[in-house]
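Reviewing the structure listed below.
Read-outs: derived from the displayed coordinates by stated rules, not from any lab. Computed from a predicted model, the values in this text were never measured in an experiment. When we count neighbours, we look across all protein chains shown, and the Cβ atoms used for this are built from the backbone with ideal geometry, even at glycine.
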Amino acid sequence: MSFEQESTQCKICGLPVEYCVCESIAKEDQRVRVALEFRRYRKPYTVISGIDQRDVDLKEIAVKLKSKLACGGTVKDGVIELQGDHRYRVVDLLKEMGFTEDQIDLVG
């Protein structure tokens, strides 16, 4: 197998990258929790948890959310933290990314 073929195939299922469905299948098994927490000086943080970082790239999701919401944030210990109260918009954006409404729990 040449290097070119190896880089265009999924490492999990062996299908070509353009036909790979590993991430979408992994998203179907997730239970996502979106909550609001307050930090120092009563600053609100939107916290997204329950996404398995072994199956889905959390950093990629965080980058997309931060870009769409025009806010700062980080990924810590398998949890995405976004600065500000973005609970309702995050739910809509997660739906656009392939998560279903049944998988997303809005807390608080």
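R0 = 22 Å: FRET efficiency of residue 95 with residue 43, Cβ-based, nearest 0.05?
That pair, residue 95 with residue 43, gives E of 0.25.
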- Query: (1) 24, 20, 12; (2) 40, 23, 12; (3) 30, 15, 11: which one is semi-axes √(5λ) of the Cα gyration tensor in Å as calculated from this entry?
  - Reply: (3)
- Task: For n ≥ 4 DSSP H runs only, could you compute -39500 (n - 2.57) per run for the chain, divide by its residues and tell me the 222 nm figure to the nearest 500?
- Result: -8500 deg cm²/dmol
- Note on the structure: Treating only Lys and Arg (+1) and Asp and Glu (-1) as charged, each at its beta carbon, one finds that segment 30-107 has a dipole about its Cα centre, in Debye to the nearest 20, of 460 debye
- Degrees, to the nearest 10: 87-96 long Cα axis against longest axis of the chain: 20 degrees
- Please check which bits of segment 70-108 a label hung off residue 53 would reach, taking the label as a point 7 Å along Cα-to-C-beta and the cut-off as backbone N under 19 Å. 72-83
- Order by neighbour count: 38, 99, fewest other Cβ atoms within 10 Å first, most last. 38, 99
- Note on the structure: Low-density loop trypsin sites (Lys or Arg not before Pro), segment 34-108, at most 11 other Cβ within 10 Å, DSSP non-H/G/I/E/B, are 39, 54
- Query: Which of 45, 65, 10 sits closest to the plus end of the dipole of the chain, meaning its Cα is farthest towards the positive end, when Lys and Arg get +1 and Asp and Glu get -1 on the C-beta?
  - Reply: 45
- Message: Under a crude label model (7 Å from the Cα following the beta-carbon direction), how far is residue 63 from residue 18 in nanometres?
- Response: 2.2 nm
